[in-house]
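We did not get these values from a lab; they are worked out from the coordinates using the rules stated. Everything numeric in this text was worked out from a predicted model, so none of it was measured. Note: ideal-geometry Cβ built from the backbone for every residue, glycine included; neighbour counts use all protein chains shown.
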Amino acid sequence: MTSTDEFFTGKYSFEAFEHIRKGGKASDLCKEHHYSLKRLCNDIMYSNLSRDEISDMIKSKGTFNLTTKEENHILKKNRQSYEKSEITLNTYNGWLCKELGSYPSTETEYVDSVPQMYIDWVEENRDKRFW
């Protein structure tokens, strides 16, 4: 399960983003699961769930973000709290756009497959000239 990209949330810590942006390998990063896989397996083993319910549980709780190894250790010490660990997550494009300073930095809900943040940004900046 941990080798599949199907469970990747699409979010990176800033340090993980920097690692990739500077030419580092994604394989050097940690798949940081927000819900312990051991606990997930335990939950499944001692539950009376149907196959569909088990599948839904795995899909919802088996997801991961990409962090550095150092951040992964910090998260473990802080009981997986990104806030206590002072680790911020964003998508790769979100970090890139934030760094460039010209586009929104976080992705939110989608409207007709266009991220709402882009629609909001266009509305807020309609009268400004960027090019």
For this session: Give, in nm to one decimal, the length gained when the segment between residue 18 and residue 81 is fully stretched (0.36 nm per residue of separation minus the Cα-Cα distance).
Result: 20.6 nm
For this session: Any of 38/69; 31/98; 31/59; 11/98; 22/59 with alpha carbons more than 21 Å apart? Name them for me.
Result: 31/98; 22/59
Exercise. Order of 12, 82 from fewest to most other C-beta atoms within 10 Å?
Worked result: 82, 12
Exercise. Under a point spin-label approximation (7 Å from Cα along Cα-to-Cβ), what is the residue 57-residue 35 distance to one decimal in nm?
Worked result: 0.9
For this session: Return the Rg/Rh value of the range 5-99, two decimal places, where both radii are evaluated on C-alpha atoms and Rh is the Kirkwood radius.
Result: 1.04
